[in-house]
Amino acid sequence: MNIVVCLKAVPTNVKDPVPKSDGAGILTEGDCFMNASDDYALEQALLLKKDFGTRVTAVTVGSVRSQDILHVSLAKGADEAIRVDADEFDPNIVSFILSRALRDLSYDLILTGVESSDGMSSQVGISLGAQLGLPYVYAVTKMAFGNGEDRLLVTRELGGGRYQTLEVDKPALLCVQSGIAPLTYTPPVKLIHARRKGVPSRSLSDLGITGEELARRRKTKVIEIKPLEKNSSTQWLSGNPEQLARVIIDKISKAL
Amino acid sequence: MTPSREILFNIDVSEAMALYLLMTIPIGLVAYGLARRVSRWKSGRPENRVDQIGHRIWNLLRVSVFHGRIVRRRNTYGGFMHLAIFSGFVTLLIGTSIVMIEADIAVPVFGVSFFHGNFYLGFKLAMNAAGLLLIAGVVMAFYRRLVLRPATQQSSGDDLLLLVFLLVLAIQGFALQCLRLAITRDPWAAWSFVSYPVALALQDVPVETLTGLHQLNWHAHFVTAFLFLGYVAYSKMIHPFTALANVLFRRLRPPGELDPIADLEQADTVGASRLEHFSWAQLMSVDACMHCGRCLEYCPTFSTGKALRPRDLVLELAGLQADRGGLFSGVLGEEANSGRYRWGRGAERELIGGAVSTEEIWDCTTCAACMEQCPVYIEHVPLIVGMRRNLVMEQNSFPPELAPVFTSLERLGNPYQNVPAERAAWTRKLEQPVAQMSEVAASGKSVEYLFFVGCIGSFVPRNQKVTIALIRVLQAAGISFAILGKEETCNGDPARRMGHEYLARQLAAKTVAKLNFYNVKKVVTACPHCFNAIRNEYPQLGGNYEVVHHSQLIAELIASGRLTLDAASSLAQGKVTYHDPCYLGRYNSVYDEPRNVLGALPATDLTEMPRSRNHSFCCGGGGGRAMMKEQRGIRINQERVREALNTGAQMVAAGCPFCMSMLEDGIVGVDAASKLRVHDLAELVAGSLQTPPPRS
Ligand code: SF4
Ligand code: SF4
């Protein structure tokens, strides 16, 4: 069995991010790290590898700055890692590129996280499933093999603290919920070795993607990025509920 | 008549010669034992320990002949005991050699004799004194082992047997002389001031009896010496060789500098999971241990009932090495941590998990109290960090609470999961703004000091107060300085001491690049861990700066009159005690400046804890321990707080943010919040500033 895990590198920037001049994404500085949610997808894939000997391939779409998350995935135990060299932010485009990259790979299961900590669109996984014509399940909290080789038993989170169990045909795409498997620390020596070895990258033209194709899909534009406005005048209120309610109503009406 | 005596009196010369030849057997055994050890040492990694020869030789003399590290103010009993045994034994050994030279070389080969006249008389005097010293030392040793029984010392059969050997040898020597004096009526007998009275008493015994006894005793003395010598290589009596070798080849780098891993990127294995992964000098050092137990005296883990006892860790390594080297020195006693050798080969065992447990490895606070105490310069911390390196980087095995710390250091550049963008958030609380390096550089100006704030001083609210206090002090003194602000990241020390050399090096390299980019010349820091790393370890990465701890800078500012302190506005009132941070004191020998600062505070009265200066007792927070759970034994910080409480002080002055938080924790733990407070030196000085800093 083969699993492909889609990962994203997110920046922990010191400087505030700004939109690119053409609005096609954002400019960031500093190091990039594995998006936390995708880390869980990777851990889940590696758990399956441990139990069933599946082959795990890690894929990312990103500039050279993002390749280190692939080193991490190899150090943790992925068998192969591929980076598609493209600096894209729009989920439509990223999922399109991924769908092309996956054409050359064989897979029974595709795992992704539920969202990225920088873009927070929660779209790439679902959109990729749709483009590949695969069944997809969002916010998966548990997975097991169902009756027969080609079925999966998948539990996903619903609102209100409920869970739903589904039987899904393989191949399928699952967006795993954070916390599905415990995160492990990347063994440093293996990471050093992976960094030494490097990871292969493929260009968009390798995948047969043209600029026009991308331009056609570019439907959003980043205009502005603002930090969360923090008000330092936090006040602690005390009193019984009635008094508290009165104070709060008073404050709200003053603010309006 | 010239004073002299017949050598080999009453003994058949050819028999004596035959017996002397027999002595080559134990001597051969010693040589074999040493050769086996040397070959084990050679299996270690290379390390240069043969530089600065002159300094090394002088140090060797200082330690051995002058007992520089053996007799110390806090180790007088053991020190003088050793001095007595050492000087007695060595003098007697030299004396015996002189007699041998006269009899076997000078007279037969060169036809010269010197064993007469004043030399002979002086010889008699010296040998009697030496014998007396030896016996006195051995008696002191017995008294300590059997009666005083300090907690840091456990006596094994080996320890006691050696003392018995020495005592018997000395007594036999005296007996020989008494008998000979009594038989020959030596006219210069009085010079042998110990033997003389006994010889007088023996004069009435028939000469035949005396001669018989003399012969018997001579042979017994020979047998004892024979056995003793044979035993040397397989007991702690090997220490004159191994310990001196270790003193000669000791590490001369600053104690606060851990050696980097040279080929980290290329290495297939990192740190130490096998003996061969240590350097040859480290392998040699563990053989130098003679179980004196001094390393335990101020060791926080030993004193609070944890698994780690530095002496036993060293002995376990030595035992493992002896087993591998075919020396039959075996493992330690049955119970773990018994601190004694057992005869017989030890079981096959791994280094980590076998000879040394992971608990021991993680217990260490890297406080260096053991290294400071060890008379033969054994360095425990690099041994322990070496094993941590392997555990962390290769085996991915460490206390689970460290995983988020490592991840946070990697991603966010601080151990506390704080966002880097918030690193300079504390500056909002400043009355007077502080310059950032980026602004200074952009405006083309320069500042004298970079204030390296550190993670704890940047993010933890209690320590932010210290940072702000120090800024006020620096501003009041008109120091030109700037901070890195959001650009600052962890200096790497916690990762390094926790064994994550790779991460530590990344962090350190980042900081060095920043500092070099801004062309920083002088660094001031309020954290001894930042201080030690930047001062002692950054040169490894091409970062050379003049680094001062804030206590040094403040002391200098007070001394030069740039800061004036006011009694009335003082926060520091009454009795204060000072806690020496390990990374400031023991690792960097900064003891006086913090005390000078406290001395300059008008209304305070400094009172010392029993364990202070280089004998300070760790707060329990070093070596990354502040970020690990303390699960075994009593809490180290509470132990220290009790010591501070006992001085009657109302305040502990600290010079380290980690010590501060450990001590404050400890105070809460022993429920003493109403009796004891902790303040950093900077806070005390800021609270006593005469004039508030001018507002710009
Ligand atoms: S460094 Fe400190 S805690 Fe570690 S063994 Fe030595 S004395 Fe004990
Ligand atoms: S390590 Fe040093 S201080 Fe400790 S017992 Fe051995 S010789 Fe003594």
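The values are calculated or read from the model by the stated rules, or taken from the named source; none is laboratory data. Worth saying up front: this structure is predicted, and the values here are computed from it rather than measured. Cβ atoms come from the backbone with ideal geometry, glycine included; neighbour counts cover every protein chain shown. Surface areas here come from the heavy atoms of the whole protein model, side chains and all, with no ligands, DNA or RNA. Shrake-Rupley method; radii C 1.70, N 1.55, O 1.52, S 1.80 Å.
Every condition in (1) away from ligand 1 (no atom under 14 Å from the Cβ); (2) crowded, with 24+ Cβ neighbours inside 10 Å holds for B:V286 except the one numbered (1).
Filtering B:S458, B:S446 for residues that are closer than 18 Å to B:V520 by Cα and either open to solvent by 10 Å² or more (accessible area, probe 1.4 Å) or small (G, A, S) (or both) leaves a single hit, B:S446.
Identification of helices (runs of 4 or more DSSP H) wholly contained in the stretch B:240-327 with 1 or more residues that are polar (S, T, N, Q) yields B:280-287, B:300-303, B:310-324. In this entry, B:S273 is excluded by the filter for residues that are more than 14 Å from chain A (Cβ to nearest Cβ), touching a residue at least 24 places away in the same chain (Cβ under 8 Å) and among the polar types (S, T, N, Q). Looking at the structure I just gave you, is B:E257 more than 14 Å from chain A (Cβ to nearest Cβ), in contact with a Ser or Thr (Cβ under 6 Å, 6 or more places away or on another chain), away from ligand 2 (no atom under 16 Å from the Cβ) and within 30 Å of B:M498 (Cβ to Cβ)? For B:E257, the condition - more than 14 Å from chain A (Cβ to nearest Cβ), in contact with a Ser or Thr (Cβ under 6 Å, 6 or more places away or on another chain), away from ligand 2 (no atom under 16 Å from the Cβ) and within 30 Å of B:M498 (Cβ to Cβ) - is not met.
Only one of the numbered conditions (1) basic (K, R); (2) in contact with a Ser or Thr (Cβ under 7 Å, 6 or more places away or on another chain); (3) not assigned by TED's automatic domain parsing to the domain that holds B:H615 is violated by B:R411, and that is (3). Counting only residues that are within 14 Å of another protein chain (Cβ to nearest Cβ) and either in a helix (DSSP H, G or I) or at pLDDT below 95 (or both), the stretch B:490-516 holds 14 of them.
Residue-level check: of (1) under 36 Å from the mean Cα position of the chain (by Cα); (2) polar (S, T, N, Q); (3) within 14 Å of chain A (Cβ to nearest Cβ), B:Q436 misses just (1).
Residue under question is A:D51, and the condition is that it be within 14 Å of chain B (Cβ to nearest Cβ) and surrounded by fewer than 18 Cβ atoms within 10 Å (Cβ to Cβ); does it hold?
It is false that A:D51 is within 14 Å of chain B (Cβ to nearest Cβ) and surrounded by fewer than 18 Cβ atoms within 10 Å (Cβ to Cβ).
Selection of the stretch A:79-95 for residues being farther than 23 Å from A:G30 by Cα and open to solvent by less than 10 Å² (accessible area, probe 1.4 Å) yields A:I93, A:S95. Mind counting the residues in the stretch B:520-541 that are in a loop (DSSP other than H, G, I, E, B) and open to solvent by less than 40 Å² (accessible area, probe 1.4 Å)? Result for the stretch B:520-541: 3.
Among the residues of the stretch A:176-219, those that are open to solvent by less than 50 Å² (accessible area, probe 1.4 Å), outside any loop (DSSP other than H, G, I, E, B) and within 14 Å of chain B (Cβ to nearest Cβ) comprise A:P188, A:V189, A:L191, A:I192, A:A194. For the stretch B:375-419, the candidate set comprises residues that are open to solvent by 10 Å² or more (accessible area, probe 1.4 Å), within 11 Å of another protein chain (Cβ to nearest Cβ) and under 27 Å from the mean Cα position of the chain (by Cα); within that set, the residue that is farthest from B:H529 (Cα to Cα) is B:F398. Going through (1) open to solvent by 50 Å² or more (accessible area, probe 1.4 Å); (2) part of a helix (DSSP H, G or I) one by one, A:L102 falls short only on (1).
Of B:F226, B:F278, B:F222, all but one fail to be crowded, with 22+ Cβ neighbours inside 10 Å and either at negative phi or not hydroxyl-bearing (S, T, Y) (or both); the exception is B:F278.
Set side by side, the residues B:R640, B:R625, B:R613 differ, and just one is more than 27 Å from B:V392 (Cβ to Cβ) and either small (G, A, S) or crowded, with 24+ Cβ neighbours inside 10 Å (or both), which is B:R640. Would you confirm, using the coordinates I've provided, whether B:L125 is open to solvent by 20 Å² or more (accessible area, probe 1.4 Å) and under 30 Å from B:I378 (Cβ atoms)? So B:L125 does not fit the description; no.
Might you let me know whether the stretch B:473-484 holds any residue that is touching a residue at least 24 places away in the same chain (Cβ under 8 Å) and within 12 Å of chain A (Cβ to nearest Cβ)? Checked against the condition, which is being touching a residue at least 24 places away in the same chain (Cβ under 8 Å) and within 12 Å of chain A (Cβ to nearest Cβ), the stretch B:473-484 yields at least one hit.
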